[in-house]
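First up is the structure itself, then whatever we jot down about it.
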Amino acid sequence: MNRNSFTFPFLLFFVSLLMVSYSVVAQHATVRGFVYEKESGEPVIFTNVYLAGTSYGAATDVNGYFAISKIPPASYTLMVTYLGFDTLKIEITLRPDEILSKKLFMKKGSFMLEQVQITADKEEARTKTNTSVVKITPKQIKHLPTVGGQPDLAQYLQVLPGVIFTGDQGGQLYIRGGSPIQNKVLMDGMIIYNPFHSIGLFSVFDTEILRNADVYTGGFGAEYGGRISSIMDITTRDGNKSRISGNVGASTFGANVMIEGPIKKIKDDGKGSSSFILSAKNSYLEQSSKIFYDYIDGNGLPFNYLDLYGKVSLLGGNGNKVNFFGYNYTDQVNNYRAISDYHWESFGAGSNFLIIPSGSPVLIEGHFSYSGYQIALEEANTAPRTSLINGFNTGFDFTYFIGKDEIKYGIELLGFKTNYEFANSLGVKVSQSQNTTELSAYVKYKKVVGKWLIEPGFRLQWYASLSNISPEPRLALKYNATDNFRVKFATGLYSQNLISARSDRDIVNLFNGFLSGPDNLPNTFNGKDVKHKLQKSEHVILGFEYDLSSKFTVNLEGYYKNFSQLTNLNRQKLFPDTEEFSDMPDLVTKDFIIENGYADGVDFTLKYEEKNLYVWIVYSLGYVLRRYEGLDGQLKTYNPHYDRRHNINIVVNYVFGGKRDWEINGRWNFGTGFPFTLAQGYYPEITFSDGIYTDYPTTNENLGVLYDEINRGRLSSYHRLDFGMKKKFVFNRYTRLEINAGVTNVYNRANIFYVDRITAEKINQLPIMPSMGFLFYF
């Protein structure tokens, strides 16, 4: 299909929306702008901005932006309230058709009044559909015990509903039945291909540079595409616009440093400003473990990484902004167990911008970036594996605020290259090198009708290399039954091109490579013709929110994800896909096979938060199943290795002391066992490496394994308790020292990781690991 055949109608539709939007806002006034912290110049996110004595108001977004439209012309008091800050009041006068822009600066308060403790969380719960989304801030991350003395996003993600973590060593996150390749990670609009280090306790992100992370575990809106399970959208801070500041820290695991400050200071006169932020963190666990943790492995724990990040932000006088950023993340594992060498590097640079046209009620956002990732793995008994992916992504988003309603639409273009090589267990080489392009356009509309929030959306995704177009309708609903009880629903169709360079059947595999979706898939599956070459899924989510009090919130969600078509590596390939073997079944000649399946479950969360106490309890019930076609043509089923039936997380954080300078926290996690494939027996294996010329009576034999059906066994249950303590020493307004101590796996539970089939050795997760560290802020 010609690209213009579907691009032109979408452009025409967008122009029509633009014209309608202008007509709707006519004869009314609009007030919009940004809310900043006066002390640092950072945006104040998710706070309430409203006109006193009226029902007109809005919450700021991740950029601190707000827009209140369809206001009758008159004089009003514009108010901003946020916990920890003095309430801001400004008198304004609005005229017909006027668009009034404001930059508001909030001062940190010395005391709070109960009557102004209006939290934006509750307001957003009423005004946003927010089905299957969790918003994470650095404050929440620091509620957890600091493993290795360093609070980290990877540790917090493990306590989210529907998230399964498979191990301390090389562990990955699986979200509501989706594998890592099906979870898209964005940082300021830039794609991050591998956000987690080989020691699964740490991500590549420095907690101190984060502003917010939105984790969509399913049912996400039309603005996101290219993945079939989940989205993680991370926004970083711009840097202090008032003074040079930062922090430096060290622990028994590693060290980190962050510095930020103004290039041009922000002022109240409305003129522009600029700032920078630089961050570096590393692991020296390979060296320190020989001193502190030699009881785990006398040769040390050779998990090394170095993460570098930098950003420059330019802020205009009217709130227009452009950011430039770049990163380089590396990971190295040296001679650990069966691994001879394992390393990867992730790198990228980009820019994003935000524009507010002076005479238009539209918010324009855009981004352009280039990022890459390359990985190599050498193991003792297998051939080396390498994978590379790099490319660009760019996009533009347009948002109109029409009273309580909102229209958002945009376009996105991606181009990337993949290169992959490996040999399967039978010695057959599999390789792929491909360039591809993806083009997409979307629109969504949020409409408030009484107690209902209705948010239909539509995305059109074009995959150039596969010559496939994927139309993807989306829908989100919320019903505000009462001030404290809400019902929510989301559904949608999703697609993706990328596939993983490892199989969902692998139990332990550090290799996290990428492939572009192949075009030489089997022609049939389950007796039916294969009509497209994409991976696709359909989501249905139903949930309930209930505020037991201003401090107590309960959330219950049920979900169903139908993975209607999946692509997996063909571990049973025996012959090359050539004319010579054209009479052989696809299942022994194709590089990839087709599977399908589903994931369903229920997630329950309970949150209690007050001044000194934070409690977070999560229970997840989940079931994941995959289907594949056997050599006999019959469908067979298996549970992938991350199928965990029950998962419980309990987090408690308590602040005490006359100056609130002491803090203790704990986390307990319980999970039922993961599936694995049982070994039925062993036999002497001859590989016939020289074909018919192999001297089989004298050649060396390998130890072959007779396997049971895929993943019919179950490992023992997993449970672990972590504990942390922190003491703060405040020297002046800007300078303080935090000393922290913690214990991971307090009662030294022997949680099994995997069993070596040849030696029968049980490999456990990490044992008890005490740690100490400090963070100095200036």
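Computed values, structure above
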{"read-out": "Mean separation of Cα contacts under 8 Å, 6 or more apart, over the residue count of the chain: relative contact order %", "value": "10 percent"}
{"read-out": "Stokes-Einstein diffusion coefficient of the range 126-170, Kirkwood radius over Cα pairs, 37 °C, 0.692 mPa s, in µm²/s", "value": "269 µm²/s"}
{"read-out": "Percent carbon-and-sulfur accessible area, the chain, ignoring ligands, DNA and RNA, probe 1.4 Å", "value": "58 percent"}
{"read-out": "Accessible heavy-atom area order of TRP616, TRP668, TRP452, highest first, probe of 1.4 Å", "value": "TRP452, TRP668, TRP616"}
{"read-out": "Degrees between helix 4-25 axis and first principal axis of the chain (Cα, 0 to 90, nearest 10)", "value": "20 degrees"}
{"read-out": "Accessible area of the range 540-587 divided out per residue, in Å², using a probe of 1.4 angstrom", "value": "53 Å²"}
{"read-out": "Taking the range 293-340 and dividing mean pair separation by its residue count, relative contact order in percent (alpha carbons under 8 Å, at least six apart)", "value": "40 percent"}
{"read-out": "Peptides ranked, highest mean first, by Cβ atoms within 10 Å: ranges 54-62, 439-447", "value": "439-447, 54-62"}
{"read-out": "Radius of gyration and maximum dimension Dmax of the range 625-688, Cα, Å", "value": "23.7, 75"}
{"read-out": "Isotropic mean projected area of the C-alpha convex hull, the chain (nm²)", "value": "33.8 nm²"}
{"read-out": "For the range 233-284: rounded, prolate or oblate by the Cα gyration tensor [a/c cutoff 1.5]", "value": "prolate"}
{"read-out": "Electrostatic dipole magnitude of the range 166-259 [Cβ: Lys, Arg +1; Asp, Glu -1; Cα centre; debye, to 20]", "value": "80 debye"}
{"read-out": "Mean Cβ neighbour count within 10 Å, used as a protection proxy, ranking 479-492, 129-142 highest first", "value": "129-142, 479-492"}
{"read-out": "Accessible heavy-atom area order of HIS539, HIS646, highest first, probe of 1.4 Å", "value": "HIS646, HIS539"}
{"read-out": "By average C-beta atoms within 10 angstrom, highest first, the peptides 360-371, 175-186", "value": "175-186, 360-371"}
{"read-out": "P(r), alpha carbons of the range 145-246 - 10 Å bins starting at zero, rounded %", "value": "14, 46, 30, 9, 1"}
{"read-out": "Kirkwood estimate for the range 709-776, i.e. one over the average of 1/r between Cα atoms, Å", "value": "15.2 Å"}
{"read-out": "Helix-only CD estimate at 222 nm, as mean residue ellipticity for the chain, using -39500 (n - 2.57) per DSSP H run (n ≥ 4)", "value": "-1500 deg cm²/dmol"}
{"read-out": "Proximal lysines relative to LYS528, as straight alpha-carbon distance under 27 Å, when same-chain residues fewer than 8 apart are discounted", "value": "LYS536, LYS561, LYS573, LYS590, LYS636"}
{"read-out": "Cα gyration tensor shape for the range 174-219, rounded if a/c is under 1.5, else prolate or oblate", "value": "oblate"}
{"read-out": "Computed over the range 292-406, Cα set: Rg, Dmax in Å", "value": "22.2, 68"}
{"read-out": "18 Å Cα cut-off, lysine pairs counted over the range 387-485 (separation 8 or more, or different chains)", "value": "12"}
{"read-out": "The range 438-575 pair-distance distribution - Cα-Cα, 10 Å bins, rounded %", "value": "10, 28, 28, 20, 12, 2, 0"}
{"read-out": "Stokes-Einstein translational diffusion, the range 222-377 - Kirkwood Rh over all Cα pairs, 1.567 mPa s, 4 °C, in µm²/s", "value": "69 µm²/s"}
{"read-out": "Over the range 513-581, relative contact order from alpha-carbon pairs under 8 Å, at least 6 apart, %", "value": "27 percent"}
{"read-out": "Projected-area mean, the range 249-315, by convex hull of Cα positions, square nanometres", "value": "5.3 nm²"}
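The values are calculated or read from the model by the stated rules, or taken from the named source; none is laboratory data. Just so it is clear, the structure is predicted and the values come from calculations on it, not from any experiment. Note: ideal-geometry Cβ built from the backbone for every residue, glycine included; neighbour counts use all protein chains shown. These accessible areas exclude ligands, DNA and RNA; they are computed on the full protein's heavy atoms, side chains included. Shrake-Rupley method; radii C 1.70, N 1.55, O 1.52, S 1.80 Å.
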